[in-house]
Amino acid sequence: MDSLEKIKENNLPRHIALIMDGNGRWAKSRGMPRIEGHRRGATAARNIVKFARKYGIKYLTFFAFSSENWLRPANEVDALMNMIRNYLKKDVKELDDINTRLHVIGEIEKLPQDIIYLINKWQNKTKNNDSMHVVMALSYGGRQDIISAVKKIIEANITADMLDEKVFSSFLATKDIPEPDLLIRTSGEQRISNFLLWQMAYTEMYFTDTYWPDFNEKDFNKALLAYANRERRYGNIKDGNKDDECKIISGLI
């Protein structure tokens with residue numbers, strides 16, 4: 001039922017966003033330091049890129065480091081920066097090898113200078129790749145993304161009569177990236193934690209109790225199958241009548 005062939009018969013998401021939660025709890029449950037959970041989580045992320053490529057998923061966005069993560073203990077932040085640094089030095093070449101483009105969104109200027117250099121290097125090197133797109137959200141927060149867009153709109157002298165959703169979206173960090181069709185969050189938490197707030201207005205959401213380091217192809221298959229079996233409505237009511245719509249708006253049903 002959850003085989004690759006069966007899932008391919010159904011509708012697949014074009015863009016999947018991922019909140020990779022549970023690294024620290026995974027490590028703690030095994031008597032390991034938190035950073036080991038992050039290391040195992042990085043391996044899981046690389047595997048998900050391979051699985052998504054096999055299914056033909058075009059875009060993956062990883063919530064790799066949030067704007068709130070700066071508030072974590074300094075030693076953990078330093079360790080996470082080192083992991084990002086090492087990935088950009090060594091492993092990111094794997095993306096280029098499979099014709100995949102790297103995008104990085106967030107307040108990049110807050111990152112260490114050598115990491116900024118590596119980000120710019122690999123974004124430029126992979127800019128013409130089009131087989132797949134991998135988006136890393138680093139020092140990213142959805143509210144900050146919206147505030148930043150508003151500031152850019154003011155600076156561009158966009159007037160109220162010129163502003164609509166399409167224009168506003170063009171000032172977001174994701175202006176060249178389609179909105180996510182599916183959000184996957186691991187570890188049992190059921191919230192979006194300031195991630196892509198504008199962009200996920202109509203995103204289907206899938207939550208699993210599995211900790212991120214344990215999230216494998218079987219779990220990925222389950223998420224894809226759950227998505228394929230849903231009917232996306234984008235706020236429309238296809239079944240029922242106008243009376244039902246009025247009741248829903250008023251909170252009666």
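Estimated from the Cβ-Cβ distance and a Förster radius of 22 angstrom, the FRET efficiency linking Arg72 and Glu109 is about 0.70.
Which value at 222 nm does the chain reach when only helices count, each DSSP H run of 4 or more adding -39,500 (n - 2.57), with the total divided by all residues and rounded to the nearest 500 deg cm²/dmol? Write out the running numbers ahead of the final one.
On the way: 10 runs with 104 residues, N = 253.
Result for the chain, helices only: -12000 deg cm²/dmol.
Derived scalar couplings between HN and Hα for the stretch 99-109 equal 6, 10, 8, 9, 10, 10, 10, x, 7, 4, 4 Hz in order, rounded to whole Hz, by the Karplus curve 6.51 cos²θ - 1.76 cosθ + 1.60 (θ = phi - 60°), x for Gly and Pro.
Please state the shape class of the stretch 128-209: rounded when a/c is under 1.5, otherwise prolate if a/b exceeds b/c and oblate if not, all from the C-alpha gyration tensor.
On the way: a/c = 2.19, a/b = 1.66, b/c = 1.32.
Here the stretch 128-209 falls in the prolate category.
Which option, (1) 167; (2) 137; (3) 119, is the value of volume of the Cα convex hull per residue in Å³ that was calculated from these coordinates? Read-out taken from this structure: (1). Computed extension gain for Glu155 through Asn216, at 0.36 nm per residue and net of the alpha carbon distance, reaches 17.5 nm.
Take the Cβ atoms of Ile98 and Ala226, set R0 to 30 Å, and the FRET efficiency comes out at 0.70. For the chain, the relative contact order works out to 28 percent when only alpha carbon pairs closer than 8 Å and six or more residues apart are counted. Placing unit charges on the Cβ atoms only, positive for Lys and Arg and negative for Asp and Glu, gives the chain a dipole magnitude near 720 debye about its Cα centre.
Taken together, the values in this text are just the output of simple stated rules run on the coordinates, not laboratory data. For clarity, every value in this text was computed on a predicted model and none was experimentally measured. When we count neighbours, we look across all protein chains shown, and the Cβ atoms used for this are built from the backbone with ideal geometry, even at glycine.
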